[in-house]
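Okay, structure first, notes after.
The values are calculated or read from the model by the stated rules, or taken from the named source; none is laboratory data. Values in this document were obtained by computation on a predicted structure and should not be read as measured data. Because the Cβ atoms are built from the backbone with ideal geometry, glycine has one as well, and the counts that use them run over all protein chains shown.
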Amino acid sequence: MDMRRFGTGALKTCMTACVTALALTACSPQITTHGYVPDPDALSRIQPGVHNELEVAQFLGTPSSTALFGQPTWLYITERTESVAFFEPEVVDQRVVAIAFDDAGVVTEVDEYVLADGYLVDPISRTTPTYGKQLGLLEQLLGNIGRFAGQEDEPRRSPVPGV
């Protein structure tokens with residue numbers, strides 16, 4: 001009898017420890033890195049006025065994005081996020097390397113930006129009102145009942161002429 005009690009107690013303790021360990025690991029943060037992580041040595045080799053687009057592409061690879069306006073600029077973007085359990089991910093680090101070129105394709109400047117250099121853009125959340133009848137839940141669910149009566153008696157016509 002004593003042996004069974006000891007085995008049951010040890011089993012309960014082991015199960016409790018396993019459940020606790022699983023619960024703690026489920027709440028540990030998951031860190032994810034997105035984008036291009038530039039090699040610091042390759043980045044330090046790029047000199048304004050010396051290198052061109054082809055050489056930058058050989059050092060760093062193709063850019064994550066390019067500027068849509070202004071002087072030609074290549075952007076290498078890295079973002080690190082952290083998420084815990086089911087909560088929304090939070091950006092903990094973001095780096096942008098911007099390499100600007102002149103019209104001849106020669107590097108004019110190399111800039112690095114971090115998360116603190118950015119600013120939040122608050123989009124306007126207004127909606128455009130639409131005119132018409134506002135349907136309730138029952139009207140939406142029951143609104144089509146009876147609308148299709150009589151259509152089965154009519155011959156079906158093809159939307160393509162002559163067919």
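Results, tabulated for the structure shown:
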quantity	calculated
Residue in region 72-80 that is closer than 18 Å to Tyr113 by Cβ, in contact with a His (Cβ under 7 Å, 6 or more places away or on another chain) and modelled with pLDDT of 85 or more present	yes
Selection count, region 105-130, where residues are under 20 Å from Thr62 (Cβ atoms) and not charged (D, E, K, R)	6
Any hit, region 11-24, residues being assigned to a helix (DSSP H, G or I) and under 30 Å from Ala100 (Cβ atoms)	no
Number of positions in region 14-70 that are closer than 26 Å to Ala85 by Cβ and among the charged types (D, E, K, R)	0
Subset tally (residues that are farther than 26 Å from Asp39 by Cα, touching a residue at least 12 places away in the same chain (Cβ under 8 Å) and of a type outside the set (Val, Ile, Thr)) for region 79-88	1
Whichever residue in region 97-149 is of a type in the set (Val, Ile, Thr) and farther than 30 Å from Val50 by Cβ and, among such residues, is surrounded by the most Cβ atoms within 10 Å (Cβ to Cβ)	Ile145
